[in-house]
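Report on the following structure.
Each reported figure results from applying straightforward, stated rules to the coordinates on display, with no laboratory input. Just so you know, these numbers come straight off a predicted model, no measurement behind them. Every residue, glycine as well, gets a Cβ built from its backbone with ideal geometry; the counts of neighbours run over all protein chains shown.
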Amino acid sequence: MAEHGLHLIELGRFAVTGAAAWFVDVLVFNLLSAGAGHLPAKVISSIAAVTVAYLGSRYYTWPGHRPSSGHPIMVFVAISAAAAAVQLGCLWLSHDVIGWTGVIADNLSANVVGMAAATALRFWGFRNLIFRAPARESVPMGVRGSGAVG
C-alpha cells in the first residue's frame, strides 16, 4: 500500500511539472500565433515547454531517480518531440483540414485535446524510458528479517 502512495505522489508531481510546462506552452503560443502563424508558434512554444518539463521532471518529479540511459536528454527530447507532434497534428487537423480556425478552436485542439493525448505519452515514456525507479533488492520467498529461511 505504501508503494501506491508513492505512485500518487509521483503522479501529483508530474501534474505540477506538466501544469508549469503547459502554462509556458499556452502563453508562448498565444503571444506568437498572431505574428508568427499558428504552426510556427506551436513549434516554438513546444520547445519552451519541453525545457520546463525536463527541468521539472529531473529535479522535482523524479529527483531521486537516475536517468536510465547514457543520453537521457536525447531520449527526453525524442519523447517530447513525439508528444509535440501529437499536439501539432491535432492543431493541423482542426485548423487546416477541418477548417476550425480562430483562437479558441486552435487552443482547444492543440492545448486541450492534443495536450491530453501528449501527456499520457509523456508520462509513460518519461517514467519507463528515462526516470526509472531505483532497483529494489528482491527477497526470496520464505526469507524474512535475519535472512534465515524459516
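Here the label points at residue 93 and residue 120, each 7 Å from Cα along the C-beta direction, are separated by 1.2 nm in the simple model. Compared with the alpha-carbon gap, the fully stretched path from residue 108 to residue 39 is longer by 23.4 nm at 0.36 nm per residue. 3J(HN,Hα) along region 58-65, derived from phi through the Karplus expression 6.51 cos²θ - 1.76 cosθ + 1.60 where θ = phi - 60°, amounts to 5, 9, 10, 5, 10, x, x, 9 Hz, with x in place of Gly and Pro. With N as its number of residues, region 2-133 has a Cα radius of gyration that, divided by 2.2 N^0.38 Å, comes to 1.09.
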